[in-house]
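Remarks on the structure that follows.
Taken together, the values in this text are just the output of simple stated rules run on the coordinates, not laboratory data. Owing to the predicted nature of the structure, the values given are computational and were not obtained by experimental measurement. Positions of Cβ are backbone-derived with ideal geometry, glycine not excepted, and every protein chain shown enters the neighbour counts.
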Amino acid sequence: MIVLGIETSCDETGVALYSPERGLLAQGLHSQVAMHERFGGVVPELASRDHIRRVLPLTRHALQDAGLALADIDAIAFTQGPGLAGALLVGAAVATGLAAALQRPLIGIHHLEGHLLSPLLSASPPSFPFVALLVSGGHTQLMRVDGVGRYTLLGDTLDDAAGEAFDKSAKLLGLGYPGGPAIAALAARGRPGACALPRPLLHSGDLEFSFSGLKTAVLTAVRKGLADEQARADLACELQSAIVDVLVAKCLAAVRSTGLTRLVIAGGVSANQRLRDALGQASAKGRLQVYFPEPALCTDNGAMIAFAGALRLAAGSAGTTDVTGFSVRPRWPLHELEAAGC
Ligand code: KG4
Ligand code: ZN
């Protein structure tokens with residue numbers, strides 16, 4: 001069985017070929033960061049147009065790398081949502097066209113499910129059940145995961161996502177987009193504790209997050225004036241610490257309240273080294289085991305979509321063979337997703 005996965009929900013065109021028997025056979029990724037950088041964020045119309053340019057050449061290359069032909073593909077998975085409507089439509093149209101031409105089943109994947117399951121692609125994957133922190137540019141959610149499609153929301157952000165806090169603060173500091181890696185690089189030169197930012201909802205006693213106040217605190221500090229490069233680095237360092245402190249505390253609280261011992265971190269912010277180190281330290285103290293996706297699979301990619309498609313097919317989902325039309329779901333809460341096989 002060979003599944004082609006297509007991801008076009010935002011600013012990365014990702015394609016991959018995954019086989020449950022042979023693993024990840026090939027993948028291709030094109031990041032639009034350089035194109036959007038000068039606008040300080042993603043421009044949806046440009047994103048859609050670029051996906052159109054990239055998706056077929058990337059698919060051709062992936063097939064070549066794997067030594068396969070189009071006819072070898074057994075099923076096609078694509079990101080159906082959530083994401084930018086126009087960008088999603090490109091992936092949906094290409095996936096549906098291929099499914100119609102090849103007469104293969106088509107399966108629409110929830111982008112966050114792709115992220116959530118991506119650590120299962122690693123050499124030593126976690127087994128179910130586990131607690132998952134989905135931490136990306138648009139989401140900060142704690143979930144209980146009992147199986148493919150069996151997700152219970154434990155906590156969510158009341159306003160900005162953690163990645164958004166990184167991105168918006170980076171903009172205020174005059175750093176590039178995406179902000180997470182830029183803040184992390186600047187923070188490496190900062191002095192821990194040299195300035196103070198709040199840890200929103202740290203002691204709220206629940207599993208909710210709130211990050212918009214942090215962005216406002218960064219704005220206030222910038223307006224007051226940052227004396228020199230060292231002061232900017234100190235602020236970046238404190239911002240990263242504040243976000244990491246809150247994420248780690250809430251993850252540990254979720255683990256305690258569920259009684260589970262496995263914790264999975266997924267989504268773009270899971271690439272953050274400071275977060276990885278802090279959770280590594282927390283797990284060294286007790287029974288907790290922490291799992292991250294391979295660094296290359298933290299941000300958006302086609303492999304996680306092909307993989308999620310393969311897992312859903314293996315769990316009994318038939319996909320669809322009705323390729324007379326297609327739809328995308330730019331807003332699609334994860335809890336509306338059906339369990340696999342339904
Ligand atoms: O999962 P993703 O690629 O796209 C969404 O689904 O949103 O996540 C992108 C987010 C951005 O906010 C980006 O700043 C953040 O992940 N990010 C990081 C790092 N790498 C990416 N945040 C902190 N540290 C990083 N190293
Ligand atoms: Zn994502």
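Can you list residues whose amide H is under 5 Å from residue 160's amide H, if they're 5+ apart or on another chain and H is modeled 1.01 Å from N?
211, 212
Got a sec? Charge dipole of the chain, +1 on Cβ for Lys and Arg, -1 for Asp and Glu; which of 219, 138, 116 is way out at the positive end?
Value: 219.
Using the crude model of +1 on Lys and Arg Cβ and -1 on Asp and Glu Cβ, and no other charge, please compute the dipole size for segment 42-168 relative to its Cα centre, in debye to 20.
320
Expected output is a single nm value to one decimal: the length gained when fully extending between residue 322 and residue 261, i.e. 0.36 nm times separation in residues minus the C-alpha distance. What is it?
Working: separation 61, 0.36 × 61 = 21.96 nm, distance 4.17 nm.
Using 0.36 nm per residue and subtracting the Cα-Cα distance, I get 17.8 nm.
Suppose every K and R has +1 on its Cβ and every D and E has -1 on its Cβ; what is the size of the dipole of segment 1-87 about the Cα centre, in Debye to the nearest 20?
Once rounded to the nearest 20, the dipole reads 200 debye.
Of the options 195, 158, 249, report the single residue whose Cα projects farthest towards the positive end of the charge dipole of the chain (beta-carbon charges: Lys, Arg +1; Asp, Glu -1).
195
Most mobile of 236, 278, 47 per a Gaussian network model of the chain (Cα springs, under 10 Å)?
278
By per-residue mean of other Cβ atoms within 10 Å, what is the highest-first order of 264-275, 120-131?
264-275, 120-131
What ranking, highest mean first, results for peptides 80-87, 97-104, 15-22 when packing means the other Cβ atoms within 10 Å averaged over each residue?
80-87, 15-22, 97-104
Using 26 Å as the Cα-Cα cut-off, could you pick out the over-long pairs in 171/285; 215/285; 168/224; 171/224?
In this structure, 171/285; 215/285 lie more than 26 Å apart at Cα.
Given only helices, namely DSSP H runs of n ≥ 4 each adding -39500 (n - 2.57), what is the per-residue ellipticity at 222 nm of the chain, to the nearest 500 deg cm²/dmol? Numbers along the way, then the final one.
On the way: 10 runs with 140 residues, N = 342.
It comes out at -13000 deg cm²/dmol, rounded to the nearest 500.
Tally Lys/Arg at +1 and Asp/Glu at -1 over every other residue whose Cβ is under 13 Å from the Cβ of residue 201; what's the total?
Once all neighbours under 13 Å are counted, the net charge is -4.
Per-residue counts of other Cβ atoms within 10 Å, averaged by peptide: what ranking do you get for 169-179, 282-292, 146-156, highest first? Intermediate values should be presented prior to the final figure.
Details: 169-179: 19.8, 282-292: 15.3, 146-156: 17.5.
Going by the mean number of other Cβ atoms within 10 Å, highest first, we get 169-179, 146-156, 282-292.
Name the shape class, rounded, prolate or oblate, that the alpha-carbon gyration tensor gives for segment 279-325, where a ≥ b ≥ c are the square roots of its eigenvalues, rounded holds for a/c under 1.5, and otherwise prolate holds if a/b is larger than b/c and oblate otherwise.
prolate
Tell me whether segment 222-314 comes out rounded, prolate or oblate; compute the Cα gyration tensor, take square roots of the eigenvalues as a ≥ b ≥ c, and use a/c under 1.5 as the rounded threshold.
On the way: a/c = 2.95, a/b = 1.53, b/c = 1.93.
Oblate shape, in that a/c is at least 1.5 and b/c is the bigger or equal ratio.
Mind jotting down the distance between the C-alpha centroids of segment 176-199 and segment 274-342, whole Å?
28
Net charge around residue 290, counting only other residues with Cβ within less than 12 Å of its Cβ (Lys, Arg = +1; Asp, Glu = -1)?
Result for the local shell: +3.
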